[in-house]
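Here's the structure we're looking at; comments come further down.
Bear in mind that the values in this text are calculations on the coordinates, not laboratory data. Quick caveat, the model's predicted, so the values are computed rather than measured. Cβ placement follows ideal geometry from the backbone for every residue including glycine, while neighbour counts extend to all protein chains displayed.
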Amino acid sequence: MTVTGDRVPALRGRIERFLATGEKACLLDPAALDDALALLADLSGLSGASAGSLALVARFHALRVAVQDASATPDFVVMAACAETLRLAGASQHTPAEALRGMAELERGGPEDAALLRRPSTWVRFAAQAADATARSLGRELVRLAVLLHAEGLWPEPVPPADLCAEIRVHLLGTPDPGTLEYGIALVESLLACLAAPDRAGSLNDVAFAHLAAYEIDGERARLDAAVDAARRAVAAAGGADLAVCLSGLGTALQTLANATGSVRAADEAAEAAGRAVAVAAHDDPNRAAYLVNRSAALLEQAEVSLAGDLDAAIRAAREAAGIPGASAGVAASAETNLCLALLNRYERGAGGDDDLTAAVEAGWRALRLEPDGPLRPSRLSNLSRALRMRYGRTGADEDLDQALATAEEAVAASAGDVVNLDGYLSNLAIAQLDHYGRTGTAADLDTALRTARRAVSATPGGHPARRAGRLANLANTLLAAARSRGAADLGEAVEVSRLALDSTPEGHPDRIMHLLNLAGALRAAYDATGSLAELLEAGELAEQADALVPGGHPLRGIASYTLGAVAQTLAVRGGAAHGREQAAAHAQRAVTALRAAVAAFPPGHRMRPAALDGLANALQILSWLTADPAALTEAVETGRAALRETPVGDPARPGRLCNLSIAARSLHESTWLPEAVHEAARLAGEAVAATAADEPEHAVAQFLLGEALYGGRPDLRDPAGFEDVLDAYRRASAVPTGAPVVRAHAAAAWGRLAAVLGDHREALRGLTTAVELLELVVPAAMGLPDQEHRLAGFPDFTGVASDAAACALALGGAGLALELLERGRGLLIGHALDTRVDLAALERRAPELAARFGELCRSLDRARATAPDLPTGRLLAPAVRSATVAGLRARYEELTRLLAEIRRIRGFGRFMDRPDVEELKAAAAGGAVIVINVSDFGSHALIVTPRAVTATPLEDLHPAAVRGKVRLFSEALREGRPGTADEDTIHDVLEWLWDTIAQTVLKRLREHGPIRRVWWSATGPLALLPLHAAGRRGEPGVLDEVVSSYTPTLSALARVPAPPAGDGPPRGLVVSMPRTPRHRPLPGAAAAPGLMRSVCPGATDELTGPAATREAVLNALPGHRYVHLACHAYTDPARPSRSRLVLHDHARAPLTVADVLGLHAGGELAFLSACGTARTGAELADEGIHLVSAFQLAGYRHVVGTLWTVADRHTVRVDSHVYRALRESGDPGRVPLALHEAVLEQRRRWPDHPSVWACHTHSGAGGT
């Protein structure tokens, strides 16, 4: 320490003497250098060396370099000492020795090269270009030292600071390395104090552009703020000609900020600054063309993010720039590029016509000719490709598309190494490739477009969320196109990618509106494909959000209104129907309002205006159907005609608009009977047929509408030959393989029913069989139970299709075929549940691993179907959760399809999980007979199915209209909700009608099959709502006196009744009793339920009573109990039977529904549903047999007891007690059907004149002893 302490004042003294006298010897004396190096060595060995001592050494070395002659050999020891001093001061972590070897190469060149080492500019180049990282680091430190010494005037051969800044700009601010950019920016900032105001302005402008370059590389938002700050400081310091330069630079910085953040304020400021730059520049300013280019670019950006953008002004600025003589090729090319983009944007907004497209293409070509090479060539190629592609979309000229594809490919190829902009070039190429696929339709072209779109997403630099969102949106659009030909997987991914694009876009960013609309469109497409109401509802919510965000006059105003109107229109037709006409009309009115706004937002000539007019016409038509408003229908026709006038022949959208107007014209005919209206409908549909290829989806719609219009114009059915063209149109519509299943099924049903009316049963059978086969596609298993119900209920024409098909088969003598058709076309929804409840014993023996996978997947599917999203009922899942649930369900069914294919390849399992054939259906009747009552306008029959045969018995007096009338009378007579007030005489009348019309004939024919005492009733249509088991004349023997009755929705359901559950010990019983329920009348009889269960399961009965009886508790408890008794209220939802429910303690918050029960794999002997109406469903979906009783049967209970309507508590207790007494005495659950039968007979004996008391209990499930 003492030595060091002596050397410090000695070295300081030498410096002070030099400064006082100017004597170089004070510094150049070898002893002085020895002292300095010794002091440095001392300091290197110390921890916490004095900053002052280090600074002293550094100053000594700096002065020593300064006083040496220019011809002297560079003192590398001094340089090393300087660097080492900096290292010790913490400025660098690198040892200079190795790096100095590189600089030493200059020494060998002689005095001229040696002199270069005195110049900071040399060190700047060395810092920028050295290959070795250590050398670059040392070079940076030496440059920093040189700059500091230069600032103090201590550097020999002074270099003007502005020149030094220029060297830094060239060598450090023009690199693609963010670290080097930051280093260069820091150097310039450190020199600013040495610069005069004009030079300072230019350097600050350089700093601003360096920050922008760094932002393009890493996407750090802070760099944009720093760029704008530097640019503002540059403007503040500028004067004269420099002011225009700096204002233009500020405009560029603000424009980049606006592009990244969507800031309207930044965009407006950018346009203002760029405009001022042009205004302050002299007319002969050599940079005037560049200022005009920047102004046009700023106006373009302003048009993207705000309403103030003046595209006409952008076009004028770009044209003026391009016309300035003497402008550099690069500036002129940029002017043409901006002109191209501004013209395209004006065209897209509908403010420009076809001339803008042509002018944009020409400007794009001129930009390339002006500057054929250079770093901006890829960008100009990509912009030209966009212009060509847009013109192709307008004209359909193949050469435009070919050139668009070629230039987009060239842009990508020319951008090798450009990691900053590659994503944009790839995205544009993907769009061109997608258009090419649209022309060729080849799978390879589609795959190419998808690969490129995915590459564009991957190539997007980090830190650019808005750019990434745009690439994701393009990928989503490509996936939507793929989904139209490849199906659900691409559609599901399109929705998820659209959601990711939205989530990646911050609140307030202008692109968020577009991404909201894109996701809404993807979800609506998903609904069109799958029928999932969850996706349609979310689409509506997103469209409402977008509509609320778009101010009047915004470029997206029309698109937002159009999207909202389209979704609301679909909700009016689909979603509203489930909640009644009033809500549907409200959706339709919302659609009309939104679509009127869309039409107003699109000026005449705008490419979207015909679509908006067409949508408005459709919405008005729907509103007229729902409100019976003739004015709305008249306006619909007029608006549809306007849409068609604005849609040129050859436009891909024209066939759809022809079809829509055909529907409106036919509706006008139906309301006014004007013959010219139906003739117009036929003409329009015929034109649509001619305009579509036979394998296009729209062709199915056009053919179906042609058939409808031709049929509507020919009310006389006496001439069958006159309807051949109608039948042919229906046939052709049903056969279009790409057509929507709903359209094809409607056409097939119309074909078959018209042929049946004309008396051609063979032709009718072909059409109706086709319709039955298509129904399975109309309500696919992956749709989810609530959506399936909604789909079937929303198309009343599908009601009775299977019955009509069976009637035609019976007219041709095909009883077995009739039974198969009824099984295929009824119980579609419970059939999907049955498909997951197969006996896996044989598969477990042959392929245990496959059996385990199949079993787990089936249980997962049942849970997913049970929780599939529903329409709003007070508790609504969040939109994203709803769609995720639907997507999960779809994925599981795709997996099931693959697994089934694998299982069916196993020998002996080729028909695994197939619908039963006739022989299997006959086997389901073991122990008795199944009586299927088929009701149709084309002939009603009873099919008696026994293990040996299927025989048909005509029921001449049974007609659908009569059934509907009796159901209505019966329902009114029950006076539900008012026990003890039923109109018993009317009920008796209906029971007598059932006997006279059906049961008497059926039982007479049944006797011919031998002594059969056990029957299962399976009625079609609304007849399923009436108690066939109680048919009979008052005071005379009836069905109850001849047979023991049960019910089954289909034979397939009966065939799948599980085998008796295995169990060595005594059976366990579960009682759920609700003597008192919030907001419901008391059920004192429910208190007896635990005692009844304990009588058959002594010591093995679990109870859930009152507050303990919650949905979750009951669902958890049901599996594992062989006997289950539920004594509570129940609620039947006729419109949506899957929402029928048991009323438990938490029913208001968490109802236990049919869908919940269908999600179980419980497996038990008996489920006794001592609740009201548990076997009841609605007339619209009666063929589906969905109610609480069938749900418990499908959940695995072999015997299920329920009721068809409400009955007094005391009567229920008496029936319950009789059944449990028989079960206790026999110990055989197979006795339940007979025990219930005896209990009903006892009730009839006690209350003969009150059929509402004794006819309501039913049994479903297995046979009995």
- In nanometres, what is the gap between the two model label sites at HIS283 and ASP996, each 7 Å from Cα along Cα-to-Cβ? 10.7
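Using the per-residue mean of other Cβ atoms lying within 10 Å as a proxy for protection, in what order, highest first, do the peptides 899-912, 493-506 fall?
So the order, starting with the most tightly packed, is 493-506, 899-912.
Given 0.36 nm per residue, what is the gain on full extension from ALA10 to LEU549 after removing their alpha carbon distance, in nm?
On the way: separation 539, 0.36 × 539 = 194.04 nm, distance 7.52 nm.
Here the answer is 186.5 nm.
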- Here the alpha-carbon Rg of segment 552-646 over 2.2 N^0.38 Å rounds to 1.03
- Message: Let's test the formula: R0 of 25 Å, r as the Cβ-Cβ distance of HIS959 and ASP797. What FRET efficiency results, to the nearest 0.05?
- Response: 0.85
- Could you work out Rg/(2.2 N^0.38 Å) for segment 318-407, with Rg from alpha carbons only? 1.04
- So how much slack lies between ALA1059 and VAL757, counting 0.36 nm per residue of separation and subtracting their Cα-Cα distance, in nm? 104.2 nm
- Sequence-distant or interchain residues sharing an amide H contact under 5 Å with TYR1047, placed H: which? TRP1017, HIS1259, SER1260, GLY1261
- Query: For segment 552-646, what's the relative contact order in percent, using C-alpha pairs closer than 8 Å and at least 6 residues apart?
  - Reply: 27
- Query: Ranked highest first by average number of other Cβ atoms within 10 Å, how do 816-823, 559-566 line up?
  - Reply: 559-566, 816-823
- Message: Please enumerate, by chain and number, the lysines with C-alpha under 22 Å from the C-alpha of LYS922, excluding those fewer than 8 residues away in the same chain.
- Response: LYS1004
- Query: Which residue, chosen from LEU564, VAL649, MET608, occupies the Cα position most advanced towards the positive end of the dipole of segment 514-653, where the dipole is computed from +1 (Lys, Arg) and -1 (Asp, Glu) charges on Cβ about the Cα centre?
  - Reply: VAL649
- Hey, how many Å between the Cα centroid of segment 322-381 and the Cα centroid of segment 649-670? 40
- Task: Could you compute the FRET efficiency for ASP1249 and ARG1224, with r as their C-beta to C-beta distance and R0 at 22 Å, rounded to 0.05?
- Result: 0.10
- Message: Of GLN621, ALA588, PRO555, which is farthest towards the positive pole of segment 552-646's charge dipole, taken about the Cα centre with +1 and -1 on the beta-carbons of Lys, Arg and Asp, Glu respectively?
- Response: PRO555
- Task: For a footprinting-style exposure proxy, rank HIS1218, HIS746 by other Cβ within 10 Å, fewest first.
- Result: HIS1218, HIS746
- Message: Let me spell out the model: positive unit charges on the Cβ of Lys and Arg, negative unit charges on the Cβ of Asp and Glu, origin at the Cα centre of segment 670-770. What dipole size does that give, in debye rounded to 20?
- Response: 400
- Query: For segment 1226-1265, how big is the tail of P(r) above 13 Å, as a whole percent of Cα pairs?
  - Reply: 52
- Message: Beyond 17 Å, how much of the Cα-Cα pair distribution for segment 464-549 remains, as a whole percent?
- Response: 42
- Message: Counting other beta carbons within 10 Å of each residue's own, what order do ILE944, ILE931 fall into, fewest first?
- Response: ILE944, ILE931
- Task: Net charge near ARG1094: determine it from the other residues with C-beta under 12 Å of the C-beta of ARG1094, scoring Lys and Arg +1 and Asp and Glu -1.
- Result: 0
- Item | Projected-area average for segment 1098-1138 over all orientations - Cα convex hull basis, square nanometres | 4.0
- Message: Show me the ranking of peptides 1128-1138, 1097-1107 by mean Cβ neighbours inside 10 Å, starting with the highest.
- Response: 1128-1138, 1097-1107
- Starting from the alpha-carbon convex hull of segment 240-307, give the projected area averaged over all orientations, in nm². 3.8
- If every Lys and Arg gets +1 and every Asp and Glu gets -1 at its Cβ, then about the Cα centre segment 1068-1261 yields a dipole, in debye to the nearest 20, of 400
- Task: State, as an integer percentage, the relative contact order of segment 418-534 based on alpha-carbon contacts under 8 Å between residues 6 or more apart.
- Result: 21
- Going fewest to most other Cβ atoms within 10 Å around each Cβ, MET390, MET608, MET1093 line up as MET608, MET390, MET1093
- Task: Taking the Cα atoms of segment 1068-1261, report the difference between the largest and smallest coordinate on each principal axis, in whole Å and largest first.
- Result: 40, 40, 30
